[in-house]
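Reading through the structure tokens given below for one structure.
Every number in this text was worked out from the coordinates using simple rules, so none of it is lab data. Here the structure is a predicted model, which means the values were calculated and not measured. For neighbour counting, all protein chains shown are included, and Cβ atoms are generated from backbone atoms with ideal geometry for every residue, glycine included.
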Amino acid sequence: MLAVSASAIAGSAAAALGLAAGGYAYAGMWPTSQIFGRTLVAGRDPNEYALTYDDGPNDACTERLLEVLAAQNTRATFFMIGRFVRERGELVRKVRAAGHLVGNHTFTHPVLLWTAPKKAQQELAATNAALEDALGEKVSYFRPPHGARRPDVLRSARELGLTPVLWNAMGYDWRPVTAAEIVGNLEKGIRKNRAAGRGSNLLLHDGGQAGIGQNRMASVEATNLLLKSAQGVRFVTVDAWG
């Protein structure tokens, strides 16, 4: 019988733990993963795109974005942070009045994969309340910050009447990038989605979790460039997909 060293056993255990941690992170963070529960990503028509914006409302950037979208007669989906909604209720109403879909993006933008279940539920419920106070109507869609979710988070969302929404193309616009680079990032995702026969759920930002006043004008300009260059495409809000 071969003797197995303590170091070999420890190494195998560490490898197993690493694989388990990697699998957990994939299940809970990868935007198209359905391991922890069903989420809405995109439809089956490659010619359908959804423009989605996280982390608003955000004064000048959201206002300018509304102008760009109106000029192209395009509706979008805005996932808003509850604490900003409480401060900018008039702007929230302006977004909705322009025909856009408004959704829940938690109250303080935590990483829900590591947030205690009760706290996660409070984050969702408080944002629903803020949005419903501002709009006078029910909220039906939710995007987890960073895409982070667990089975209990998804269960809490559904108990509150929220459909969880992720994405399958990113502009990476939280980085210091130009509008052209943002469009290039989105187009990479779009090409992959088209090859797979899927629509494209485009993740962009009109605000930032650090506070109201974040500069997202590159994202606004990227939206303008994308809308002007897109041909044979229908832009929808995420409720078109479920």
Difference of contour (0.36 nm per residue) and Cα-Cα distance, VAL111 to GLU67 = 12.7 nm
If we count every other residue with Cβ under 12 angstrom of PRO110's Cβ, Lys/Arg +1 and Asp/Glu -1, where does the sum land?
-> +2
Gain upon complete extension [ALA230, ALA60; 0.36 nm per residue less C-alpha separation] = 58.7 nm
Proxy exposure order for TYR26, TYR141, TYR53, TYR172 (fewest C-beta within 10 Å first) is TYR26, TYR172, TYR141, TYR53
Listed highest first by mean packing, meaning other Cβ atoms within 10 Å per residue, what order do 114-123, 211-220 come in?
-> 211-220, 114-123
Got the relative contact order for the chain handy, in percent, Cα pairs under 8 Å and 6 or more residues apart?
-> 30
How many percent of DSSP beta bridges within the stretch 48-241 run antiparallel, rounded to 5?
-> 0
